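The values are calculated or read from the model by the stated rules, or taken from the named source; none is laboratory data. Since the model is a prediction, treat every value here as computed from it, not as a measurement. For neighbour counting, all protein chains shown are included, and Cβ atoms are generated from backbone atoms with ideal geometry for every residue, glycine included.
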């Protein structure tokens, strides 16, 4: 168990195999009897929807389950509006709660809906993918995408708790498993040399899956540290965006869902590091180490992109301030730095 301690809010992250079937008692320890909306997607609902709703009902909660289409396209204002209507039609009030059951798309979408419906309902995160278990389910960032940029519209809203059951990762397809590994590589690269060495000792993504807790917990500790230091993303928390500035631009221009978040981040880490090395902003050989690690887990290190289109997407990035953009580079493996550059300079990285 890990505890996140923020200035005005604290919550626990429970990490245990087979914990999902006991989610009712876990929720009961956090919330009094009330109505709960379990919001999930069309992939997760058949796998875990019944298990979760039955466990909740056994603990005297009144449960409704709403299912959205699986995929990045559901992370939209249109889908948020649909959920507002469903909640209103079902009579949900500010005394009721919401549970996000799914991957990063569901976590971001549901967190956004919970934080804005009736100006805010309390909510819980039950992440079911590796990327959401190591990254997006904690920290309180909620968002939806627009045609201009990924995560352009959102809020900061912290959950009341996070339940992580590594056993559910066994139902992920290989591509979704690798997507999460990209975030683990990022966490190791920016802040945890021991985690990097652990990843280096693993043969492939399938060994990592069997030893999931060993990488989930240190990845969460990396994120917890910067979230506690910088809840609203104005300082050290920006280091979590290593590879994301270019990665989000690639996702946006390819069409959401065509290139996965993890694939975009993997390529983004390599692209930004390669040019940074060339101009002396990163130590020689760092990019080669990244490429070797990324390729070992069968993630891409390059993609065919439209540089101008990606650049236009990056100009909408939330890390932009006027004509300046904050990018994340590595001092060395295990240590990151924040560098402010003119936005125009980003063209050189592409």
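Taking the listed residues 193, 199, the one that is in the same structural domain as residue 328 (by TED's automatic domain parsing), surrounded by 20 or more Cβ atoms within 10 Å (Cβ to Cβ) and either within 17 Å of residue 329 (Cβ to Cβ) or at pLDDT 95 or above (or both) is 199, with no other qualifying. What's the number of the condition residue 136 fails, among (1) modelled with pLDDT of 95 or more; (2) closer than 25 Å to residue 293 by Cα? The single condition residue 136 does not satisfy is (1). Looking across region 293-311, just one residue is free of Cβ contacts under 8 Å to residues at least 12 places away in the same chain and in contact with a helix residue (DSSP H, G or I) (Cβ under 9 Å, 6 or more places away or on another chain), and that is 308. Within the bounds of region 275-289, is there any residue that is closer than 24 Å to residue 146 by Cβ, surrounded by 21 or more Cβ atoms within 10 Å (Cβ to Cβ) and more than 21 Å from the chain's Cα centre (by Cα)? No; the residues of region 275-289 include none that is closer than 24 Å to residue 146 by Cβ, surrounded by 21 or more Cβ atoms within 10 Å (Cβ to Cβ) and more than 21 Å from the chain's Cα centre (by Cα).
Starting from residues that are touching a residue at least 60 places away in the same chain (Cβ under 8 Å) and more than 30 Å from residue 195 (Cα to Cα), keep the ones in region 313-337 and report whichever is surrounded by the most Cβ atoms within 10 Å (Cβ to Cβ). Among them, the one singled out is 313.
Take the conditions (1) under 29 Å from residue 21 (Cβ atoms); (2) outside any helix (DSSP H, G or I); residue 203 misses just one of them, which is (1). In the set (1) touching a helix residue (DSSP H, G or I) at 6+ places or on another chain (Cβ under 7 Å); (2) without any contact (Cβ under 8 Å) to a residue 40 or more places away in the chain; (3) under 27 Å from residue 146 (Cβ atoms), the condition left unmet by residue 258 is number (1).
Among residues of region 221-235 that are over 15 Å from residue 7 (Cβ atoms), those with a Cβ under 6 angstrom from a residue that is assigned to a helix (DSSP H, G or I), sequence gap 6+ or separate chain, pair up as 222/187; 222/191. Of the residues in region 263-289, how many are in a helix (DSSP H, G or I) and either modelled with pLDDT under 95 or under 21 Å from residue 325 (Cβ atoms) (or both)? Total satisfying the criteria: 17.
Tallying residues that are in contact (Cβ under 8 Å) with a residue 24 or more places away in the chain and either in contact with a helix residue (DSSP H, G or I) (Cβ under 6 Å, 6 or more places away or on another chain) or part of a strand (DSSP E or B) (or both) within region 338-347 yields 4. Taking region 1-27 as the region of interest, how many residues are more than 17 Å from residue 49 (Cα to Cα) and without any contact (Cβ under 8 Å) to a residue 40 or more places away in the chain? Selection size over region 1-27: 4. Going through (1) outside any strand (DSSP E or B); (2) surrounded by 20 or more Cβ atoms within 10 Å (Cβ to Cβ) one by one, residue 167 falls short only on (2).
Here the condition is being in a helix (DSSP H, G or I), assigned by TED's automatic domain parsing to the domain that holds residue 326, surrounded by 22 or more Cβ atoms within 10 Å (Cβ to Cβ) and modelled with pLDDT under 95; of 253, 245, it holds for 245 alone.
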